[in-house]
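**Student:** Below are the structure tokens for one structure; questions will follow.
No lab work stands behind these numbers, since they all come straight from the coordinates. Computed from a predicted structure; not experimentally measured. Glycine also receives a Cβ, built like all others from the backbone with ideal geometry; neighbour counts cover every protein chain displayed.
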Amino acid sequence: MKGAPGPLIINLAPTGGVADRSRNPHVPIDPADIVADVAACASLGAAIAHLHVRDDAGQASSDPERFRALIRAIRADSRSARMVLCVSTSGRHGQTPDQRAAVLHLAGDDKPDMASLTLGSLNFMGGASVNPPDTIRMLAKTMLDRGIKPELEVFDLGMLHFAGILIREGLLRPPYFFNLILGNVAGAQCSLNDLAALANLLPERSFWSVGGIGRSQRPAASLGCVLADGVRIGLEDNLWQDAEHRVAASNPGLVRWLGDLATACGRPLADAGQVRRMLAEPA
């Protein structure tokens with residue numbers, strides 16, 4: 001595992017498809033609330049926004065028109081206009097492969113910069129994220145054809161081994177961007193040993209970010225701040241500023257805390273332009 005003395009990438013995950021305001025009133029559900037949180041966090045140093053959309057009932061959606069409207073609104077705000085925008089292609093809510101891929105066909109100024117690609121199936125406490133190999137390959141091929149950089153989601157060692165297969169098949173091209181997610185009940189835990197095992201399998205020319213689920217978010221962020229190229233943080237993964245006393249977190253509050261931690265670790269924050277240059281494929 002190598003150290004990472006360069007600028008720290010903050011990858012904001014403001015809202016997934018599960019959490020709602022019954023547990024934390026700050027979870028952004030409506031598009032206007034997501035835009036406001038993303039813009040506020042961009043002002044605090046977040047360079048990437050990992051985006052989900054909801055339907056009118058607040059449930060997870062893959063509707064490309066909802067993604068289009070969200071992308072346009074974020075890019076119309078001067079605070080977040082230059083952010084690297086990553087859309088979810090999640091398989092956690094029963095979407096068909098075509099529904100998951102639909103957002104990848106947005107064009108022109110509406111096209112996302114990145115898209116999530118979970119490299120295997122896994123169980124969460126409340127359900128499964130189902131990612132068959134053929135679906136992963138289809139999504140990877142669509143991203144490759146569309147010029148969209150995959151955000152490679154890794155929860156265990158097997159997912160990194162499968163990434164190696166996709167690289168050999170020509171479906172992934174460097175430089176790679178990996179999110180190593182720690183603390184899930186059925187995956188790698190938030191320990192230096194587990195993180196080292198994952199990091200040591202990363203292919204050459206990889207940039208990597210560390211995230212943590214629930215109580216693991218802060219210790220995972222601390223490890224990422226010292227060791228990795230970036231940290232993923234936000235209410236998608238953790239609802240609490242203080243889990244023991246059930247103090248609700250907010251996205252800006254979490255990003256502000258991470259920015260202070262980065263300063264204490266001597267890590268400047270990467271801006272969106274730096275991230276775009278880092279992730280650009282070589283000529």
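**Student:** Could you work out the helix-only [θ] at 222 nm for the chain, with each DSSP H run of four or more residues adding -39,500 (n - 2.57) and the total divided by the number of residues, to the nearest 500 deg cm²/dmol?
**Tutor:** Rounded to the nearest 500, the figure is -10500 deg cm²/dmol.
**Student:** Using the Karplus curve 6.51 cos²θ - 1.76 cosθ + 1.60 with θ = phi - 60°, what ³J(HN,Hα) values do you get for each residue of the stretch 24-35, in whole Hz, with x for Gly and Pro?
**Tutor:** Rounded to whole hertz, the list is 8, x, 8, 5, x, 10, 6, x, 4, 6, 5, 4.
**Student:** What is the fewest-to-most order of Met114, Met159, Met125 by other Cβ atoms lying within 10 Å of their Cβ?
**Tutor:** Taking fewest neighbouring Cβ atoms as first place, the list is Met125, Met114, Met159.
**Student:** Please report how far the C-alpha centroid of the stretch 206-283 lies from that of the stretch 49-94, rounded to the nearest whole angstrom.
**Tutor:** Using only Cα atoms, the two centres lie 20 Å from each other.
**Student:** Roughly what % of DSSP beta bridges within the chain run antiparallel, to the nearest 5?
**Tutor:** Of the beta bridges lying entirely in the chain, close to 20 percent run antiparallel.
**Student:** If you don't mind, another one. Compute the length gained on full extension between Glu169 and Asn200: take 0.36 nm times their separation in residues and subtract their Cα-Cα distance, giving the result in nm to one decimal.
**Tutor:** That pair, Glu169 and Asn200, stretches by 9.0 nm at full extension.
**Student:** Could you grab the Rg to Rh ratio for the chain? Cα atoms only, Kirkwood for Rh.
**Tutor:** The Rg/Rh ratio comes out at 0.92.
**Student:** Still on this model: Using the Karplus equation 6.51 cos²θ - 1.76 cosθ + 1.60 (θ = phi - 60°), what ³J(HN,Hα) coupling, rounded to whole Hz, does each residue of the stretch 104-114 give in order, writing x for Gly and Pro?
**Tutor:** The phi angles translate into 6, 9, 4, 10, x, 5, 8, 5, x, 7, 9 Hz.
**Student:** With all distinct Cα pairs included, what does the Kirkwood hydrodynamic radius of the stretch 1-152 come out to in Å, to one decimal, could you say?
**Tutor:** Hydrodynamic radius (Kirkwood, Cα only) of the stretch 1-152 equals 16.0 Å.
**Student:** Within the stretch 78-111, what residues put their amide N at less than 12 Å from the label point 7 Å along the Cα-to-Cβ vector of Met138?
**Tutor:** 95-102
**Student:** What distance in nm separates the two pseudo spin-label positions at Ala32 and Arg256, each 7 Å out from Cα along the beta-carbon direction?
**Tutor:** 2.3
**Student:** The stretch 80-170: D in µm²/s via Stokes-Einstein (Kirkwood Rh, Cα pairs, 20 °C, 1.002 mPa s)?
**Tutor:** Calculated translational D: 157 µm²/s.
**Student:** Once you put a point 7 Å from the Cα of Leu192 and another 7 Å from the Cα of Cys265, both along the Cβ direction, what distance in nm separates them?
**Tutor:** Output for this residue pair reads 1.4 nm.
**Student:** OK, next. What list of ³J(HN,Hα) values in whole Hz, one per residue of the stretch 199-216 in order, does the Karplus curve 6.51 cos²θ - 1.76 cosθ + 1.60 (θ = phi - 60°) give from phi, with Gly and Pro shown as x?
**Tutor:** Along the stretch 199-216, the couplings run 4, 6, 9, 5, x, 4, 6, 10, 9, 9, 10, 10, x, x, 9, x, 4, 7 Hz.
**Student:** Once fully extended, how much extra length lies between Asp63 and Arg75, figured as 0.36 nm per residue of separation less the alpha-carbon to alpha-carbon distance?
**Tutor:** 2.5 nm
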